[in-house]
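Structure first, then comments.
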Amino acid sequence: MTSDDMSREYVIQAEDVRRSYAGGFEAVSGVSFSVARGELFALLGTNGAGKTSTVELLEGLARPDSGSVRVLGHDPYGERSQVRPRIGVMLQEGGFPSELSVTETVRMWAGCTSGARPTGEALELVGLGHRARVRVKQLSGGERRRLDLALAVLGRPEVLFLDEPTTGLDAEGRRDTWALVRRLQEDGITVLLTTHYLEEAEALADRLAIMHRGRIVTAGTTAEVTAARPARIRFELPEGVVPARLPLELHATAEGARVEIRTHRLQDVLTELLRWAAESNVRLHGLDARSASLEEAFLDIAKSAAETEEVPVP
C-alpha cells in the first residue's frame, strides 16, 4: 500500500468478493476495488458482466458467498442499520404506486427516511417541480427515472449508488442529470455509478473499472484505461494520390482512398504525416486525429476477453 493510499479514506471497499446463484452460476468472481470519499467511481461491463450483482452486495441487499464488503466502515448486510440511513440507492427500475401523484410518492418515501429533504426541494433538484401534481402513471420513462433519483437523494446520503441512472432520458435530460450528479459530488457525496453509456462514464468518473464475466478486467482513470490502446489518425487522399505514396514508417492501412493509422506516438506520427503532406502538396480530406476513447478501450477489452475464453484448453 502506498502512502497516498494510506492517506485516503475509502468509504466503499470490496475485497475478493464472490456471489453465486442457484445452479452454481458465479456472477461475481473475486472482485476487489475501493472508492475514496467524495469520488465518483463507475462500474462498467457488458450485459451479464456482474455489475448489478456486485452493487447489490454493496447496498446490503445480499451477503457475498465469500470475501469482504465494507461501506462507511460497516458490513452493509450484517450491520444494515448502521449503513442504510447514510446511503441513497437508485435501482434500475423503481416500483411506484401508479395512482399516487409525484408529490404523494415523495412524501410517502420521506416518511420512511431520516432527515428527508422537503418534498419541493427534492423535486426541484431533479427538474420535476412542474410535475408535482401529476400521477406517476402519467410520467414518461425519463421522468420516472428522475423520480427515482429524487428518492435516492431524499435523505441527503453520504454515499449514492446509481444503477443506470439515465436510461430512458433524452440527450438534454441526460446532461441535466450529469450536472446534478456533479453538484452532489461537489457537496461531498461519494457516488458509485453503473452505466451502459460510456460517454457518461468518461464525462463523470474519477476512476472506473470494467467487468467481464464476473471479474474486473481493468481499472483506473479514463486516461490510464485508454493509455494502452493506440491513438488513430484518419483521412482521405485526394483523387490521383494512392496510399502507396505515404511513407512506410507511418504503417498506414487503406481502403480505397480512405486511410487509417494506429499509433502510440500520436504527436510524432501526426507531425510526420503533415510534413509529408506539405512537402508533397497533398491535401488530406477529413483529417481526424484522436487518442483512444473509452468506447474503443471497452470494445477492445470485451473482444480480447471473449477471444481468450474461446481458446481451447490443451
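The values are calculated or read from the model by the stated rules, or taken from the named source; none is laboratory data. This is a predicted model, so every value here is computed, not measured. With ideal geometry, Cβ positions are generated from the backbone for all residues, glycine too; neighbour counts draw on all protein chains shown. Note: accessible area is taken over every heavy atom of the protein model, side chains too, but ligands, DNA and RNA are not part of it. Shrake-Rupley method; radii C 1.70, N 1.55, O 1.52, S 1.80 Å.
Remarks
- Test: Thr54 is touching a residue at least 40 places away in the same chain (Cβ under 8 Å), open to solvent by less than 10 Å² (accessible area, probe 1.4 Å) and within 30 Å of Arg133 (Cβ to Cβ): no
- Members of the range 35-54 found to be closer than 16 Å to Val71 by Cβ and part of a strand (DSSP E or B), listed by number: Val35, Ala36, Leu40, Phe41, Leu43
- Residue in the range 1-11 that is surrounded by 15 or more Cβ atoms within 10 Å (Cβ to Cβ) and assigned to a helix (DSSP H, G or I) present: no
- Residue check for Ser68: open to solvent by 20 Å² or more (accessible area, probe 1.4 Å), over 15 Å from Leu192 (Cα atoms) and outside any strand (DSSP E or B): no
- Pair list, Cβ under 7 Å, 6 or more apart: the range 92-116 residue in a helix (DSSP H, G or I), other residue surrounded by 14 or more Cβ atoms within 10 Å (Cβ to Cβ) and modelled with pLDDT under 85: Thr105/Phe96
- Within the range 138-151, residues that are under 17 Å from Gly120 (Cα atoms) reach partners that are open to solvent by 40 Å² or more (accessible area, probe 1.4 Å) and of a type in the set (A, V, I, L, M, F, W, C) with beta carbons closer than 6 Å, at six or more positions or on different chains, in the pairs Leu151/Trp109.
- Considering residues of the range 151-201 that are among the aliphatic types (A, V, I, L, M) and in a loop (DSSP other than H, G, I, E, B) only, the residue farthest from Ala116 (Cα to Cα): Leu169
- Number of the exception - Phe33 against (1) more than 24 Å from Asp206 (Cβ to Cβ); (2) modelled with pLDDT of 95 or more; (3) aromatic (Phe, Trp, Tyr): (1)
- Qualifying residue in the range 236-253 (condition: part of a helix (DSSP H, G or I), open to solvent by 70 Å² or more (accessible area, probe 1.4 Å), of a type in the set (A, V, I, L, M) and under 30 Å from Gly50 (Cα atoms)): no
- Take the conditions (1) aliphatic (A, V, I, L, M); (2) closer than 28 Å to Arg80 by Cα; (3) in a helix (DSSP H, G or I); Met211 misses just one of them, which is (3).
- Selection of the range 55-108 for residues being among the polar types (S, T, N, Q) and in contact with a strand residue (DSSP E or B) (Cβ under 8 Å, 6 or more places away or on another chain) yields Ser66, Ser68, Gln82, Gln92, Ser98, Ser101.
- Pair list, Cβ < 7 Å and 6+ apart or interchain, from the range 290-302 residues that are part of a helix (DSSP H, G or I) to residues that are open to solvent by 40 Å² or more (accessible area, probe 1.4 Å): Leu294/Glu202; Glu296/Arg229; Ala297/Arg229; Asp300/Arg229; Ile301/Val217; Ala302/Thr46
- Scan of the range 114-130 for residues that are open to solvent by 40 Å² or more (accessible area, probe 1.4 Å) and under 21 Å from Leu162 (Cβ atoms), ordered by number: Ser114, Gly115, Glu121, Glu124, Leu125
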